[in-house]
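Notes for the one structure printed next.
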Amino acid sequence: MLALEKIITNNDLKKISLGILVAAPLFFLLGYFVRGCSSVNRQAKVTYSGSFTEGTLVSLNSKNVILQDPDFSIPLETVEKIEFLEDPQSLSPNLVPLSDSEKSFVGTYKIQIGTHKGVLSIFPRKTGGIGATLRFTNWGKGSNEILTGIKVTGKSIRFVRSCAGARCSEIGSNVPFTQTYTGDLDGKKIQGAYQGTNSSGRWLAER
């Protein structure tokens, strides 16, 4: 999984809520999180009521946590934890110890998987190595999906796309699944195949 840059626990959220309701000086605490974590328009994972969802965190107040992509409002009192995920746009490849092979894959691609189209983002992680997300424009809810098991060997890449439990409904899948993707880089294109739960086929990504 992607490394987590900042974590806000339920205790922190209670402090923030108390500051909003009672003591104006504690707005500094909320300001710290917003400023230090770049929480506005920042990719985040919110754990609440024993489940979780991922999206772009756009607002945090005394009552709700507001996400976009997908649009979602979560009552603050049910939130257990907020984890800010690494942002591809905020990271510089020069600051991350990537191998030459990993660097060659970094970028944003238009991807086609069968009849489904979307955006594949491959980016450096602050803890080293690369991370990746996939978002479809004509399937499901158009949510960012975090890809796992990413491995680069020379000009070849391998990663896993999957969902289970509540996460499936959040991205728009009726059933849990696991798909393993392999592909080869040729210039600005990655071409390959995938195979998984009751599905298989070819895929193409181009920068």
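The values are calculated or read from the model by the stated rules, or taken from the named source; none is laboratory data. Quantities reported herein were computed from a predicted structural model and do not represent experimental measurements. Ideal geometry is used to build each Cβ from the backbone, glycine not excepted, and the neighbour counts take in all protein chains shown. Note: accessible area is taken over every heavy atom of the protein model, side chains too, but ligands, DNA and RNA are not part of it. Shrake-Rupley method; radii C 1.70, N 1.55, O 1.52, S 1.80 Å.
Before moving on, here are some points about what is shown:
- Within the stretch 67-77, the set of residues being under 15 Å from S143 (Cα atoms), assigned to a strand (DSSP E or B) and either under 13 Å from the mean Cα position of the chain (by Cα) or among the aliphatic types (A, V, I, L, M) (or both) comprises L67, Q68.
- Taking the criterion of being in contact with a helix residue (DSSP H, G or I) (Cβ under 7 Å, 6 or more places away or on another chain) and surrounded by 15 or more Cβ atoms within 10 Å (Cβ to Cβ), the only residue of the stretch 173-188 that qualifies is L185.
- Which listed residue is among the aromatic types (F, W, Y), modelled with pLDDT of 60 or more and not assigned by the TED database to the domain that holds S200, from Y109, Y48, Y32: Y48
- Verdict on G128 being touching a Pro at 6+ places or on another chain (Cβ under 8 Å), within 21 Å of S104 (Cβ to Cβ) and not in a strand (DSSP E or B): yes
- Condition check for L204: open to solvent by 50 Å² or more (accessible area, probe 1.4 Å), more than 19 Å from the chain's Cα centre (by Cα), over 18 Å from E54 (Cβ atoms) and at pLDDT below 95: no
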